[in-house]
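Scroll down for the structure; my scribbles are underneath it.
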Amino acid sequence: MTVQSRDNAKPQFWMFIPTENEDCYYIKNTATGRYIGTCNLTPSSESKIHTSTSPVEYYVKQTSATSGEIANCYYFSSTDCENYSSENAGPRALNKDGASDYVITWQAGTSRVGSYWKLIETEDLYEVRPFDGCEGVGKIGTSYNMETVGGKNLTIVEGALALAAPD
């Protein structure tokens with residue numbers, strides 16, 4: 001996972017799905033259907049957070065800080081981390097790596113600004129852009145193999161589009 005400027009052509013929108021536990025959610029990407037994976041990793045710049053097909057429960061809690069740049073922000077700790085619900089105990093949490101755009105594991109705590117996030121409720125504005133354009137007719141910018149859900153490929157037969165078995 002990476003942190004980047006907002007771009008509606010990138011899958012950057014997330015859905016918070018409540019679990020049966022208070023302040024706990026599965027966090028699912030609305031475009032890919034994947035979930036934020038565990039942050040129960042050794043805190044370092046090498047502890048890059050990945051997405052997963054299986055949901056991971058996250059404790060999402062507003063900081064106790066009432067002033068400064070993290071006031072009204074939240075920390076996210078997967079519930080498989082020790083002390084995940086105790087901000088003062090410095091639980092492992094999602095953190096923006098200061099040296100890159102990656103999301104890594106680091107300890108939360110009111111003196112650790114990178115582990116706090118602003119939540120902005122919005123509609124899902126993801127724009128699917130499946131093709132890369134090229135600069136001129138007859139030039140190949142990117143090559144695609146288009147396949148139907150039934151497994152047939154889009155092809156050209158005698159100058160017309162057709163569906164055919166893959167070869």
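The values are calculated or read from the model by the stated rules, or taken from the named source; none is laboratory data. Being a predicted model, the structure only gives us computed values, none of them experimental. Note: ideal-geometry Cβ built from the backbone for every residue, glycine included; neighbour counts use all protein chains shown. Please note that ligands, DNA and RNA were not included when accessible areas were found on the heavy atoms of the full protein model with its side chains. Shrake-Rupley method; radii C 1.70, N 1.55, O 1.52, S 1.80 Å.
Quick look at the values:
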item: Gain on full stretching of the segment that runs from residue 73 to residue 2 - 0.36 nm per residue minus C-alpha separation; result: 23.7 nm
item: Per-residue SASA entry for residue 54, accessible area with 1.4 Å probe, Å² rounded to 10; result: 60
item: Heavy-atom accessible area per residue - the chain, 1.4 Å, Å²; result: 66
item: Within the chain: Cβ-based charge dipole about Cα centre, in debye rounded to nearest 20 (Lys, Arg +1; Asp, Glu -1); result: 240
item: Within-13-Å neighbourhood charge of residue 75 [Cβ basis; K, R +1; D, E -1]; result: +3
item: Alpha carbon convex hull of segment 74-164, projected area averaged over orientations, nm²; result: 11.5
item: Subset of 96/152; 96/139; 28/139; 48/152; 10/139 violating a 31 Å alpha-carbon distance limit; result: 96/152; 96/139; 28/139; 48/152
item: For residue 45, residues with placed amide H under 5 Å, excluding near neighbours; result: none
item: Where chymotrypsin sites (Phe, Trp or Tyr not before Pro) fall in DSSP loop in segment 106-149, at most 12 other Cβ within 10 Å; result: 131, 144
item: Integer Hz, Karplus 6.51/-1.76/1.60 couplings in order for segment 78-88, x for Gly and Pro; result: 5, 6, 8, 8, 5, 6, 4, 9, 10, 4, 5
item: Straight-distance crosslink candidates among aspartates and glutamates, where the alpha carbon sits under 20 Å from residue 118 and sequence neighbours closer than 8 are dropped; result: 7, 22, 23, 57, 69, 87, 97, 101
item: Full-stretch length increase - residue 85, residue 135 - with 0.36 nm per residue and alpha-carbon distance subtracted; result: 12.7 nm
item: Range in the chain, longest, excluding exposed GluC sites (Glu not before Pro) [loop by DSSP; at most 15 other beta-carbon atoms within 10 Å]; result: 83-120
item: Under DSSP loop assignment and at most 11 Cβ neighbours within 10 Å, longest trypsin sites (Lys or Arg not before Pro)-free interval of the chain; result: 7-117
item: Spherically averaged projected area of the chain from its Cα convex hull (nm²); result: 14.2
item: Accessible area in the full protein assembly, largest first, 1.4 Å probe, for 17, 36; result: 17, 36
item: Alpha carbon centroid spacing (whole Å) that separates segment 141-167 from segment 8-34; result: 34
